[in-house]
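Here is the structure we will look at.
The values are calculated or read from the model by the stated rules, or taken from the named source; none is laboratory data. Note that the coordinates shown come from a computational prediction; the quantities given were computed from them, not determined experimentally. Virtual Cβ from ideal backbone geometry, glycine too; neighbours counted across all protein chains shown.
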Amino acid sequence: MQPMLIVHGGAWSIPESLHEAHINGCTDAIQQVYPALQKGISALDAVEEAVCILEEDPTFDAGRGAFLNSEGEIELDAIICDGKTLNFGAVAAIKNILHPVKAAKLLMNHPEHCFMVGEGAQKFLRTRNFPEVGIEELLTPRELEFYHKIKNDPHFKTRTPFEPNPTGTVGAVARDLQGNLAAATSTGGTPRKLPGRVGDSPVIGAGAFADNRTGAVSATGYGESIMKVLLSKLTCDEFEKKPAMKAAQDAIHILQARVNGLGGVVGINSAGEYAFFHNTEYMAMAYYHEKKKVVALIQSR
């Protein structure tokens, strides 16, 4: 089958001055990973590598560049899903990790567990000699400045759209030469979140979902709302009823109508159609197109 790859860099407010950085980051992920998909790597490996590239880019709220919580710490969440087996790995509230998606992939191979959090996850990773980094490797001047700006603001809420600091959750969805689907999502969560807060990104069916029979999806946006409707699984369910783009649109409409949610999705259905839609001001994304090669854009509402 024709390989497919789509990535996102978050769905929130993105000032025009930062559009180029978001487009470039998403473009890089497609350009670096798609050739390997053409050569035969699995969809699972493709989404892992695409998300790793986005985690390294300080433009986004994942890995390097993540938001700080209310105590000035960086806690990271990630998930990776295999559409062939329905297996997944997820980690949440972990610290000092540049590539949470790799930690999730490592856990995916555990014989008993698939989701670990906090200090327990850290201990597991250390037993596997998983590389840790100092907070200085993750913290950017932009996020430190933003943290000091909002940390004592009584009017600030984590649901507030993230302008003027528009970093966003990242994610990727792929189909490989064998037709297998996979999805991955990684985030630093919301700004000034309480320590230990976990949003939708590492939750199966919410932040990501993959099933070869229906499709694969990565979600982004306000996690508390996305979890309530299991947005990624909801979108995959809609894939069974209608074309991919209409399914994504209807899933976001349900998110908004039922829980007043803000977010976006990117995906690929089992028929090999791309899907993307959002109800936030913007969503950063890119995908591989047979004729145009790479389509990258800041999609407006």
Tell me yes or no: at least one residue of the range 10-19 is among the small types (G, A, S), buried (at least 24 other Cβ atoms within 10 Å of the Cβ), touching a residue at least 40 places away in the same chain (Cβ under 8 Å) and assigned to a loop (DSSP other than H, G, I, E, B).
yes
I'd like to know if the range 128-146 contains one or more residues that are without any contact (Cβ under 8 Å) to a residue 40 or more places away in the chain, more than 22 Å from G223 (Cα to Cα) and touching a strand residue (DSSP E or B) at 6+ places or on another chain (Cβ under 9 Å).
no
I need a count of the residues in the range 99-134 that are at pLDDT 95 or above, polar (S, T, N, Q) and closer than 23 Å to S42 by Cβ.
0
Take the residues in the range 229-279 that are of a type in the set (D, E) and out of contact with any helix residue (DSSP H, G or I) (no Cβ under 7 Å at 6 or more places or on another chain); name whichever of them is surrounded by the fewest Cβ atoms within 10 Å (Cβ to Cβ).
E240
Of the residues that make up the range 278-293, is at least one farther than 21 Å from L5 by Cα, touching a residue at least 12 places away in the same chain (Cβ under 8 Å) and outside any loop (DSSP other than H, G, I, E, B)?
no
Checked the range 111-146 for anything assigned to a helix (DSSP H, G or I) and touching a Phe, Trp or Tyr at 6+ places or on another chain (Cβ under 8 Å); matches are E143, F146
Is it the case that some residue within the range 209-228 is without any contact (Cβ under 8 Å) to a residue 40 or more places away in the chain, crowded, with 16+ Cβ neighbours inside 10 Å and on the phi > 0 side of the Ramachandran plot?
no
Flag for L5 being over 12 Å from the mean Cα position of the chain (by Cα), outside any helix (DSSP H, G or I), hydrophobic (A, V, I, L, M, F, W, C) and over 20 Å from G223 (Cα atoms)
yes
Just one of I298, I268, I252 is touching a strand residue (DSSP E or B) at 6+ places or on another chain (Cβ under 7 Å), among the aliphatic types (A, V, I, L, M) and not in a strand (DSSP E or B); which is it?
I252
Checking T190 against (1) part of a loop (DSSP other than H, G, I, E, B); (2) polar (S, T, N, Q); (3) under 19 Å from A29 (Cα atoms), which single condition isn't satisfied?
(3)
Among the residues of the range 125-156, write down those that are of a type in the set (F, W, Y) and exposed (fewer than 14 other Cβ atoms within 10 Å of the Cβ).
F156
Which of the numbered conditions does K193 fail, given that it passes all the others? Conditions: (1) closer than 22 Å to E119 by Cβ; (2) modelled with pLDDT under 95; (3) in contact with a helix residue (DSSP H, G or I) (Cβ under 8 Å, 6 or more places away or on another chain).
(3)
Failed condition for V173, given (1) aliphatic (A, V, I, L, M); (2) under 17 Å from the mean Cα position of the chain (by Cα); (3) more than 25 Å from L98 (Cβ to Cβ)
(3)
If you scan the range 102-131, which residues turn out to be among the charged types (D, E, K, R), within 15 Å of D77 (Cα to Cα) and more than 21 Å from the chain's Cα centre (by Cα)?
E119
Residue under question is G168, and the condition is that it be crowded, with 24+ Cβ neighbours inside 10 Å and in a loop (DSSP other than H, G, I, E, B); does it hold?
yes
